[in-house]
Amino acid sequence: MSDQKGTIFLTFDDGPHPEVTPWVLDRLRESGMKASFFCVGENVRKYPEIYNRILEEGHAVGNHTMRHEKGTQTDLQAYVDSVEDASNYISGTLFRPPYGRISRKQANALRKKFHLVMWTWLSYDYDASVSADQIIRNAQRKITSGDIAVFHDNVKSFERLQLILPEFLRILKEKGLKSLPINM
């Protein structure tokens with residue numbers, strides 16, 4: 001992964017989604033930013049054209065399991081099988097566990113083939129108890145070079161994402177930061 005000064009790593013979890021992900025891609029293109037998309041295998045299987053657009057536009061992709069399973073509630077073999085199944089649809093070696101939850105045994109098993117990627121800044125775009133204004137203020141105060149920021153390209157977050165992402169991208173430019181895809 002790059003450690004260039006003035007760079008952050010903008011990431012999106014849970015897509016691709018036929019309405020949300022194209023909207024995100026349009027905002028990224030308008031701002032000249034690149035990102036990494038941690039995709040759910042079932043969504044890639046359903047929407048391969050959106051997955052291909054992500055790649056064609058120069059973004060990175062990562063595995064986010066086949067069905068968005070929570071590691072701490074799934075046994076070792078079933079979890080590893082889910083990640084392997086998703087690999088039939090998602091290229092590359094990046095992996096992020098849904099909910100950021102994974103057991104030590106699961107992590108150790110997956111590290112044989114994958115680079116586990118977590119985050120340093122969670123947007124809380126999925127949490128209605130955190131206002132869009134709070135998220136934007138938090139980004140203004142805390143986002144800094146080297147951060148891995150996570151948003152969600154899913155239906156649950158979309159209404160809030162429409163308010164937050166344009167402001168977040170503006171803040172990056174204001175701070176002289178650029179977003180690059182994670183490259184491992």
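Here is how the numbers come out for the structure above:
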{"read-out": "Pair list, Cβ under 7 Å, 6 or more apart: the stretch 37-54 residue within 17 Å of Tyr99 (Cα to Cα), other residue hydroxyl-bearing (Ser, Thr, Tyr) and part of a strand (DSSP E or B)", "value": "Phe38/Thr11"}
{"read-out": "Selected residue (criterion: least open to solvent (accessible area, probe 1.4 Å)) from residues of the stretch 1-15 that are part of a loop (DSSP other than H, G, I, E, B) and out of contact with any Phe, Trp or Tyr (no Cβ under 9 Å at 6 or more places or on another chain)", "value": "Gly6"}
{"read-out": "Lone unmet requirement of (1) assigned to a loop (DSSP other than H, G, I, E, B); (2) open to solvent by less than 20 Å² (accessible area, probe 1.4 Å); (3) in contact with a Leu (Cβ under 9 Å, 6 or more places away or on another chain) for Ile54", "value": "(1)"}
{"read-out": "Of all residues making up the stretch 171-184, the number that are under 15 Å from Ser123 (Cβ atoms) and in a helix (DSSP H, G or I)", "value": "2"}
{"read-out": "Matching option when the condition is assigned to a loop (DSSP other than H, G, I, E, B), open to solvent by 20 Å² or more (accessible area, probe 1.4 Å), within 30 Å of Leu172 (Cα to Cα) and at pLDDT 95 or above, among Pro18, Pro22", "value": "Pro18"}
{"read-out": "Search result, residues across the stretch 68-86 that are closer than 18 Å to Arg104 by Cβ and of a type in the set (Gly, Ala, Ser)", "value": "Gly71, Ala78, Ser82"}
{"read-out": "Number of the exception - Ala132 against (1) closer than 20 Å to Gly71 by Cα; (2) open to solvent by less than 40 Å² (accessible area, probe 1.4 Å); (3) without any contact (Cβ under 8 Å) to a residue 60 or more places away in the chain", "value": "(1)"}
{"read-out": "Filter result (among the hydrophobic types (A, V, I, L, M, F, W, C) and crowded, with 21+ Cβ neighbours inside 10 Å) within the stretch 140-163", "value": "Ala149, Val150, Phe151, Leu161"}
{"read-out": "Test: residue in the stretch 151-166 that is touching a strand residue (DSSP E or B) at 6+ places or on another chain (Cβ under 9 Å) and assigned to a loop (DSSP other than H, G, I, E, B)", "value": "yes"}
{"read-out": "Selection within the stretch 108-129 - in contact with a helix residue (DSSP H, G or I) (Cβ under 8 Å, 6 or more places away or on another chain), open to solvent by less than 20 Å² (accessible area, probe 1.4 Å) and under 22 Å from Asp147 (Cα atoms)", "value": "Phe114, Trp121, Ser123, Asp125"}
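One line per residue, one yes/no per condition, for (1) in contact with a Leu (Cβ under 7 Å, 6 or more places away or on another chain); (2) without any contact (Cβ under 8 Å) to a residue 60 or more places away in the chain:
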| position | (1), (2) |
| --- | --- |
| Ala86 | no, yes |
| Ala107 | yes, yes |
| Lys112 | no, yes |
| Thr120 | no, yes |
| Arg141 | no, yes |
| Gln162 | no, no |
| Pro166 | no, no |
| Gly176 | no, no |
| Leu180 | no, no |
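The values are calculated or read from the model by the stated rules, or taken from the named source; none is laboratory data. What you see is a predicted model, and the numbers here were worked out from it, not measured in a lab. Every residue, glycine as well, gets a Cβ built from its backbone with ideal geometry; the counts of neighbours run over all protein chains shown. In case anyone asks, the SASA skips ligands and DNA or RNA and just uses the protein heavy atoms, side chains included. Shrake-Rupley method; radii C 1.70, N 1.55, O 1.52, S 1.80 Å.
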